[in-house]
Amino acid sequence: MKVMPIRYVADVAASARFYKALGLIPGDSSRSGNWTELNGSGGMLALHTARMAEQDRPGRVELSFETQEPLEDLAARLAAAGFAPEAIVDESFGRSLRVVDPDGMLVQVNEHDRELYT
């Protein structure tokens, strides 16, 4: 599983230039330009256009992970451990699962299908 924090930003291109100057390596991007990934040796940073709604305002960071494991297996393991994941959702980038951690933070796990958005 790969750690992938999602940083909501006002301008994806400007933020990508900043993080590139910081040393991250540009990766896949959505065709729309609302999403881009920057790779580092320890994981990935995803930039997403903020829509000014409370849940994705500029400056907010969401904890997310990318997995190659089938989400059904992960959901079963979480449920067996006493954590109730939300239903698996089909997204424009693949599928995702959300679950609340013990402190109430929403955590998202993604199964990316690179063919859907690159």
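The values are calculated or read from the model by the stated rules, or taken from the named source; none is laboratory data. Worth saying up front: this structure is predicted, and the values here are computed from it rather than measured. Glycine also receives a Cβ, built like all others from the backbone with ideal geometry; neighbour counts cover every protein chain displayed.
Whether any residue in the range 43-50 is over 18 Å from VAL3 (Cβ atoms) and in the same structural domain as MET1 (by TED's automatic domain parsing) is what I want to check. Yes, some residue in the range 43-50 is over 18 Å from VAL3 (Cβ atoms) and in the same structural domain as MET1 (by TED's automatic domain parsing). For LEU74, the requirement of being outside any strand (DSSP E or B) and either under 16 Å from LYS2 (Cα atoms) or in the same structural domain as LYS2 (by TED's automatic domain parsing) (or both) is met.
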